[in-house]
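All remarks here apply to the structure that follows.
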């Protein structure tokens, strides 16, 4: 089981959308068949590949953001349902907390997660950091991948827990002037976790979202991101995600992007990204 934390200290960069696409995309598709098909404007390109609908992967999404946006996109019940807080607190088993939705399995997030920050402090902090890991390990034989969606707060207990349990990190980001600042904060958190608790943790890659590679500003910032990635032994994924209203519409309809708008630009882009993500996991 590969556990990937989706992380960025900045909001609005597509963390939840990326976690949603990874979890639902891997549940339903493999993206290496190499077929060409037409984009939204009718142009055919070898860059586009369509996945095959086979059950090769089984994913679990963990919504570790008290806002519960990923849970909403899955169409899961967040009102009276257990979250990871109730699992860590011993109120319920992880098996009983997993919701089986048409899009896939998820442990939802809601405001109860804020209580985790107050549960562990002082000498108990490492017990708190280890709780999530031990719980997820108990279902390791059921899933090929776990994806953890986080709030945009890198130094918080919830995010630190997800760094402890992760095998790797995927960092969605937009190419703007604040990007490098966010990477510096992530770098400090990553180095701290590697030294203290998870020495094998690494960044699988940086994913540009809401991206337009034709803009001069986007290209220059993209070059700076490429340099940062090279210096930190990671990659910027060749795939990038273009902006489209289809993303928000699919989430509002509580549907997978691949079901709601399979021929949209972001659906195509995320399929290509998933293919790269799988290859990078073979590190």
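None of the figures in this text is laboratory data; all of them are computed from the coordinates on show. Remember, predicted model here, so these are calculated numbers, not experimental data. Every residue, glycine as well, gets a Cβ built from its backbone with ideal geometry; the counts of neighbours run over all protein chains shown.
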Residue 196 versus residue 111: modelled label distance in nm, points set 7 Å from Cα along the beta carbon direction: 2.9
Just to be sure I understand: of the beta bridges DSSP finds with both ends in the chain, what percent are antiparallel, rounded to 5? 20
Between residue 140 and residue 127, what is 0.36 nm times their sequence separation minus the Cα-Cα distance? Round to one decimal in nm. 2.7 nm
Got a sec? How would 157, 196, 1 order by Cβ neighbour count within 10 Å, fewest to most? 196, 1, 157
Could you tell me what % of all Cα pairs in the chain have separations over 32 Å? 21
May I ask you to derive the FRET efficiency for residue 92 and residue 248 from their Cβ-Cβ distance with R0 = 25 Å, giving the value to the nearest 0.05? 0.15
Quick one: order 188, 280, 214 by neighbouring beta-carbon count within 10 Å, fewest to most. 214, 188, 280
What list do you get for 211, 100, 20 if you sort them by fewest beta carbons within 10 Å? 100, 211, 20
Sequence gap at least 6, Cα distance under 8 Å: using those rules, report the relative contact order of segment 2-280 to the nearest whole percent. 25
Give the distance, in whole Å, between the Cα centre of segment 82-150 and the Cα centre of segment 192-267. 25
